[in-house]
């Protein structure tokens, strides 16, 4: 009888998840309505061997193990579903948008229609990043979040800064408005010639991106989820229900619900549906070696920084990958080779290092002669709405899309995973958010 009841409960869950009414099956679940306080991640369960395979089909398959997919899979697994997470290269691979060394986590969003929501979610995400490090340190997972603070510097007070301050005041974000003399006093390595004013956000930070996704995947398996390395595509369907995913070369996988979190692969995987809704420019990052024995350019002695068109942060311990500088990248004019995330160039050519070198010479002159230890290039996935999208495939009731990071998505990962899991399970029902996260139109939103 116990086995029969277990099978019945599993069938009920699959049906509920597929139709979006799983709330009754997640008694005591960890999801909440939008705007409520963040719930810490659960304490580790008794250790389970990873990569355990069973003959039972998963309730939910999540395709794409980047920031959106990995966090969504984890939250679904912790809510009672049996989840398989599929990625053609594996979690935190070098081609993924979330596969780089570091990503900033800040709340400075102003002058865009998504600003208030993104500030609120970014604040909650910071709390969740901190809780993650605290909860899972018993598994000896590496620390991933570093509270660096963040400094937005300009030559004059701008409309962008005013919009940021309005949002911060409304949301209770801790910050100071400081002048150039105060910047020189606190962080003398920064050259603030022509800078007059700055916004300093105390609780902002930096995440070790690659290690974070590796850790999320590890906890997901610890919680009973399965990771498969395979390329997944839409398989056979019955009416508005997708029956199975097709995996290369001949394998298929059936699941009650499928979530595609493909990042820059959306236009390639669904060219007719997503080709005009998501563009995928490439961002450039250079890491400069800090001088031996000089910790002024390392955490915690320097904040992350934001100059017009350039962002970065100090070197993080314990391995000191370097002082990070991002200076734009390659857009639509980057050539045909940059339109395919499987084959696009991910290193910087010598001429592409001239701008970060010039910036460091101007703003951090103590690093003017510093060698560059490594470079990174990754695709952004910018939706035409300028917002995330969490929505059904228009032709299938049991297929979801999650994406539209718009060069900002990684920092929101834990919050997005929580929200997306709630959408799939039917526990996130705020109509305003559902409308905001529709699949975008083909035309760009002028208010983004």
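A short reminder: the numbers here are calculations on the coordinates, not readings from a lab. What you are looking at is a predicted structure, and each value in this text was computed from that prediction instead of being measured. When we count neighbours, we look across all protein chains shown, and the Cβ atoms used for this are built from the backbone with ideal geometry, even at glycine.
With a/c under 1.5 counting as rounded, go ahead and sort region 113-166 into rounded, prolate or oblate using the C-alpha gyration tensor (a ≥ b ≥ c being the square roots of the eigenvalues; past the cut-off, prolate if a/b is larger than b/c, else oblate). Oblate, because a/c is 1.5 or more while a/b does not exceed b/c. Arranged from fewest to most other beta-carbon atoms within 10 Å of their beta carbon, 380, 89, 287 become 89, 380, 287.
Taking the centroid of alpha carbons for each part, region 141-181 and region 337-390 are 23 Å apart. For residue 223 and residue 268, a Förster radius of 41 Å and the Cβ-Cβ distance give a FRET efficiency of 0.85, rounded to the nearest 0.05.
Taking the average, over residues, of other Cβ atoms within 10 Å as the packing measure, peptides 404-415, 107-118 rank 404-415, 107-118 from highest down. Entry note, region 82-228: relative contact order of 40 percent, from Cα contacts under 8 Å with a spacing of 6+ residues.
Answer rounded, prolate or oblate for region 387-448, using the Cα gyration tensor with square roots of eigenvalues a ≥ b ≥ c: rounded when a/c is under 1.5, else prolate when a/b is larger than b/c, else oblate. Note, shape of region 387-448 comes out oblate. Both numbers refer to the Cα atoms of region 177-287; Rg and Dmax are 23.1, 67 Å. Counting other Cβ atoms within 10 Å as a rough exposure proxy, the listed residues 344, 304 run 344, 304 from fewest neighbours to most. Legend: ranking of residues 288, 260, 270 from fewest to most surrounding C-beta atoms inside 10 Å; resulting order 270, 288, 260. Available extension along the chain between residue 185 and residue 252 is 18.0 nm, counting 0.36 nm per residue and deducting the alpha carbon span. Placing pseudo-labels 7 Å out from each Cα toward the beta carbon at residue 202 and residue 301 gives an inter-label distance of 2.3 nm.
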